[in-house]
Amino acid sequence: MFFFLALGIAGVLVLALSLVFDGVLEGLFDSGAAAADGLLSLPVVAGFVSMLGFGGALVLGTTGLGAGAASAVGVCAGGVAGWGTWRFSTALMSDRSAAAPRGEDMVGVTGSVVTPVPADGYGEVLLSVAGQPVKLSARSTTPLGRDTEVWVDAALSPTSVSVRPVKR
């Protein structure tokens, strides 16, 4: 039983080390064909080894079965844990987020002034672009006070816009 517990603890330690050293230890398990598309990554190996150990220790400690049965159950549990870790990490790595908003996407967006904008000078506005708050430098032909609702006329640069007050 000590052997199985040692395997389980070693798997957890390898997982902790892979999280702390993020990629430094990853090269240990790289072997051809990009490590079988992540199948031999440290989290997958750690999941397999820890479930092999803890599953084997559980079977050996709670049933009258021998080490062979405990090993078989541990290998099955480790396989399931390794496969689940591989599928989860593959799904996370292949997640594609939406493209970042461009300057043209900000034209026509409303927002509010957070730092007063002097006439022909720069202040700051808070816009909601694609549902996310974005704080940008703003320029206006008329002075705008704090909390004034504005409309974006044009994108001057990736970090600044031209605004005008919203008429009500």
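The values are calculated or read from the model by the stated rules, or taken from the named source; none is laboratory data. Just so we're clear, the structure is a prediction, and the values are computed from it rather than from any experiment. In this analysis, Cβ positions are derived from the backbone assuming ideal geometry, glycine residues included, and neighbour counts consider all displayed protein chains.
Can you pull out the residues in the range 127-150 that are in a strand (DSSP E or B) and surrounded by 15 or more Cβ atoms within 10 Å (Cβ to Cβ)? Leu127, Val129, Val134, Leu136, Ser137, Ala138, Arg139, Ser140, Leu144, Glu149, Val150, listed by residue number. The C-beta contact set for the range 89-111 (first residue farther than 11 Å from Ala155 by Cβ and not assigned by TED's automatic domain parsing to the domain that holds Ala130, second residue surrounded by 15 or more Cβ atoms within 10 Å (Cβ to Cβ) and modelled with pLDDT of 80 or more, distance under 9 angstrom, 6+ apart or interchain) comprises Ser89/Pro43; Ser89/Val44.
Yes or no: Val114 outside the structural domain of Ser160 (by TED's automatic domain parsing) and not in a loop (DSSP other than H, G, I, E, B)? No.
Within the range 96-105, none of the residues are crowded, with 17+ Cβ neighbours inside 10 Å and of a type outside the set (Val, Ile, Thr). Considering the range 48-66, the residues that are under 33 Å from the mean Cα position of the chain (by Cα) and of a type in the set (A, V, I, L, M, F, W, C) include one that is nearest to Val14 (Cα to Cα), namely Val49. Answer yes or no as to whether Ser97 is among the polar types (S, T, N, Q), part of a strand (DSSP E or B) and modelled with pLDDT under 90. No: the conditions fail for Ser97.
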